[in-house]
1. Please compute the contact order of chain A in relative form: average sequence separation of alpha-carbon pairs under 8 Å and at least six residues apart, divided by the residue count, as a percent.
2. Could you work out, for the range A:155-210, what percent of all Cα-Cα pairs fall into each 5 Å distance bin, beginning at 0 Å and stopping at the bin that holds the largest distance?
3. Pick out the long, greasy-scoring helices in chain A: whole DSSP H runs spanning 30 Å or more along their own axis by Cα, mean Kyte-Doolittle at least -1.0.
4. Suppose the Debye formula is applied to equal point scatterers at every Cα of the protein assembly as shown; what is log10 I(q)/I(0) at q = 0.06, 0.08, 0.11 Å⁻¹?
5. Determine the dipole magnitude for the range A:90-170: charges of +1 sit on the beta-carbon of Lys and Arg, -1 on that of Asp and Glu, nothing else is charged, the reference point is the Cα centre, and the result goes in debye to the nearest 20.
6. Greater than 18 Å separation of Cα atoms is the criterion. Which listed pairs, A:3/A:258; B:12/B:50; A:21/A:292, meet it?
7. Tell me the trypsin sites (Lys or Arg not before Pro) within the range A:25-66 that lie in a loop according to DSSP and have at most 12 other beta-carbon atoms within 10 Å.
8. Treat every Asp and Glu Cβ in the protein assembly as shown as -1 and every Lys and Arg Cβ as +1, leave all other atoms uncharged, and give the resulting dipole magnitude about the Cα centre to the nearest 20 debye.
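The values are calculated or read from the model by the stated rules, or taken from the named source; none is laboratory data. Just so it is clear, the model here is predicted, and its values are computed rather than measured. Neighbour counts run over all protein chains shown; Cβ positions are idealised from the backbone, glycine included. In case anyone asks, the SASA skips ligands and DNA or RNA and just uses the protein heavy atoms, side chains included. Shrake-Rupley method; radii C 1.70, N 1.55, O 1.52, S 1.80 Å.
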Amino acid sequence: MEKTFYLFNPGRLSRKDNTLKFVPVDENGKEGQARYLPVETVGQLFVFGSLDTNSALYNFLGKQQVSVHFFDYYEHYTGSFYPKEYLQAGKMQVCQTLHYADPHKRQRIAKKLVDGAAFNMLRNLKYYQSRGKDLEQQIEGITLLQQSIPITDDIPMLMGIEGNIRQVYYTAFDKILNDFNMGGRSKQPPQNEVNALISFGNMLCYTACLDQIYHTQLNPTVSFLHEPGTRRFSLALDLAEIFKPLLVDRTIFKLLNKKVLQSRDFDDKLNRVVLKEAGKKKLIEAWEERLKETIKHRALKKSVSYKHLIKLECHKVAKHVMDMQGYEPFKAWW
Amino acid sequence: MYIILVYDVGQKRVGKMLKLCRRYLSWIQNSVLEGELTEVQLKQLKAEAKDLMEKEDSLIIFSSRNERWLDKEVIGEEKSSTGQIL
């Protein structure tokens, strides 16, 4: 059971007695009570506050295979400390790259990813449809767009369809949410509460995928749907597509409709809307709950948490590129 | 597995035991720690603790399948939380 720790308070994190010691520091530079984090159970750290550390700590974290993700004041993802790969496999790397380089092979995977994402979005919409929201129009729209996925013949076209699906999907948000309005996706900066939540949630999903990829032999920089760029782990973006509807969007709907998050949890000064600290904590708590939730896996015949589901998805991609088993995206069956 | 660990060891080994346990569990009170561990991690912890202990020392581990089956009530001051948000 590896845990994620979220550091909001500014402070100093250091290596002490072969484990991690966090000392919070307040505005006046006064040190608070130290808290020891059990390093054996730490999987990753999310750093939101300003953190004071030294290289000795990173050497230790690298050895313990703890990754650290950093976020700036506006909770944008700025980067990760990614410990040395410990599951290197040359053959996997070569196979993965070859699948990227061959347009047909690449499209085979990319199409499956978009198809899986669309399916899971539909699953969300149908759930709320059965709960008395009128989403007929959106369901029809996405189903129609989904049918054109197999006939695309290049990646930009596929990305276009993916964009269209998302556009239709986001119009459903205003109907699903009781008290909030979304009115279209806006980012950098998000213009309203719902957009702020989506941005923050997607970022959590992205880092969760990256963390699971780390525990497989896949290379996180070689992706299929998104173009592998520099300075980013685009394979995590690919995988996040599939899980965003189930993990992020459902959590957001729940938090807003049950009034766990309210307008006072947001800060709307300065021509943008971001989550206040209390709001962030509520979202993270719900997110952690969601990752721990289990479902009965049909093929494996046992209970599997959502977090583990992401890892299984990585294994499926790995098997596909090694030509062991064709990739079929994860589709929520409940 | 959710673990509550209590130790009572000779004065010379108290510090060592605390340092060892803090690598695996969250400290909640003097000589008391708790947290979620896998079976392998628990075995490692036990093995390392055994190396350290001498004949009059004692270490008690309470375990439960999941944190869900555990009611915890704090009376008076909570010395340290075990949450994931700092």
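1. 15
2. Final binned percentages: 4, 18, 19, 24, 22, 10, 2, 0.
3. Length and hydropathy pass: A:103-130, A:193-214.
4. Debye output, listed in q order: -0.28, -0.50, -0.93.
5. 380
6. Listed pairs above 18 Å: A:3/A:258; A:21/A:292.
7. Here the trypsin sites (Lys or Arg not before Pro) that fit, given the DSSP loop and packing criteria, are A:30.
8. Charge dipole, the protein assembly as shown, about its Cα centre: 680 debye, nearest 20.
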